[in-house]
């Protein structure tokens, strides 16, 4: 039996181990990808801890930012070829025929499955994938550059797409971390004006360097007070990547009448919505989860054109437990990518 190396979670809340496991076999509609790099996301930690109501399979090979080269094709796969450079996104597959899939909203398919959650993911030398849901990597991007865009980039870009903003509008990016620093760049590339909300001089310098017009340190100032003082009113939209109740409440209060609050972060606590204010002020609340294949193609193209640059820290797969610990303790400012070729 052919074997490969993989980082495996055998049970919730236990360290991952680097194991020799069988190389996946594929069916007629799948492909086998030789993984060259894999991004690490907070969602991977949630999966390995079983934090969410819908539990992932166990044992599990995590990872939904795996990118590499196709080495095997199923009999029915005709639109791809061996040697194609592709990534396997969080949306592993969907049914393809429900209302949501037919309307181009495949991420809402009730029968969809997620990579590194329901299906083994990219923390392995090889990963199988549904051929219809992988996306080709533009030639201008390296594997390491492309990997974090398959979740962090896509999630940030999609949130802006559903924000109902247009060029010239103001948007606040609440949380300038792995998602937020990309959201600032996508917003600028889409012609939006940005107010970045976070704390610390490092985040201030980073936000302004990336193109934000203003930075508000939430530990020193109240964004819901500072934004109207700066703009004369609230923002057209707030993209909330923060996972705190205070972050949500501040982002909500920063939106102008008729504006939109896009929810991306997943706080552990229930957060009440002020219904009266929402109705009277015509506020729209939008939940945004990753994006479709078309969204992913678009977000990759922005990067291929040099408009998006991810803050990447390269690490080894053997260090995965330390990586998880660093992420949980907030020690990582950008995105982690495990480079399997180095």
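For the stretch 191-209, a residue qualifies if it is free of Cβ contacts under 8 Å to residues at least 40 places away in the same chain and outside any helix (DSSP H, G or I), and the qualifying residues are 191, 192, 193, 194, 196, 198, 199, 200.
Inside the stretch 230-283, can you point out the residues that are part of a loop (DSSP other than H, G, I, E, B) and closer than 15 Å to residue 218 by Cα? Even if it seems obvious, please write down each step before you answer.
If we filter the stretch 230-283 for residues that are part of a loop (DSSP other than H, G, I, E, B), which is where we start, we get 232-234, 241-244, 254, 264-274, 281-283.
Within the stretch 230-283, 241, 242, 243, 244, 254 meet the criteria.
Restricted to helices (runs of 4 or more DSSP H) entirely inside the stretch 64-161, those with at least 2 residues that are crowded, with 24+ Cβ neighbours inside 10 Å are 152-161. Set side by side, the residues 183, 212 differ, and just one is closer than 21 Å to residue 311 by Cα, assigned to a loop (DSSP other than H, G, I, E, B) and touching a strand residue (DSSP E or B) at 6+ places or on another chain (Cβ under 8 Å), which is 212.
When residue 164 is tested against (1) surrounded by fewer than 20 Cβ atoms within 10 Å (Cβ to Cβ); (2) without any contact (Cβ under 8 Å) to a residue 40 or more places away in the chain; (3) farther than 25 Å from residue 269 by Cα, just one condition goes unmet, and that condition is (2). Is it fair to say residue 248 is under 24 Å from the mean Cα position of the chain (by Cα) and either more than 24 Å from residue 46 (Cα to Cα) or in contact (Cβ under 8 Å) with a residue 60 or more places away in the chain (or both)? Against the criterion (under 24 Å from the mean Cα position of the chain (by Cα) and either more than 24 Å from residue 46 (Cα to Cα) or in contact (Cβ under 8 Å) with a residue 60 or more places away in the chain (or both)), residue 248 does not qualify.
Would a scan of the stretch 249-263 turn up a residue that is over 20 Å from residue 160 (Cα atoms) and surrounded by fewer than 15 Cβ atoms within 10 Å (Cβ to Cβ)? Break it down into steps so the answer makes sense when it comes.
Step one: list which residues in the stretch 249-263 are over 20 Å from residue 160 (Cα atoms), which gives none.
Looking for residues that are over 20 Å from residue 160 (Cα atoms) and surrounded by fewer than 15 Cβ atoms within 10 Å (Cβ to Cβ), one finds none in the stretch 249-263, hence no.
Could you tell me whether the stretch 118-130 includes any residue that is at pLDDT 95 or above and farther than 16 Å from residue 8 by Cβ? Yes - at least one qualifying residue is present in the stretch 118-130. Search the stretch 53-63 for residues being over 17 Å from the mean Cα position of the chain (by Cα) and assigned to a loop (DSSP other than H, G, I, E, B), and hand back the single one that is nearest to residue 23 (Cα to Cα). It comes out as 61. Taking the stretch 291-310 as the range and being touching a helix residue (DSSP H, G or I) at 6+ places or on another chain (Cβ under 6 Å) and either outside any helix (DSSP H, G or I) or at pLDDT below 95 (or both) as the test, the residues that pass are 291, 292, 307, 308, 310. Of the residues that sit in the stretch 15-40 and are assigned to a loop (DSSP other than H, G, I, E, B) and either free of Cβ contacts under 8 Å to residues at least 12 places away in the same chain or in contact with a helix residue (DSSP H, G or I) (Cβ under 7 Å, 6 or more places away or on another chain) (or both), which one is surrounded by the fewest Cβ atoms within 10 Å (Cβ to Cβ)? Within the stretch 15-40, the match that is surrounded by the fewest Cβ atoms within 10 Å (Cβ to Cβ) is 15. For the stretch 217-236, taking the residues that are under 26 Å from the mean Cα position of the chain (by Cα) and in contact (Cβ under 8 Å) with a residue 40 or more places away in the chain, the one that is surrounded by the fewest Cβ atoms within 10 Å (Cβ to Cβ) is identified as 236.
The values are calculated or read from the model by the stated rules, or taken from the named source; none is laboratory data. None of the values given here were measured: they were computed from a predicted structure. Note: ideal-geometry Cβ built from the backbone for every residue, glycine included; neighbour counts use all protein chains shown.
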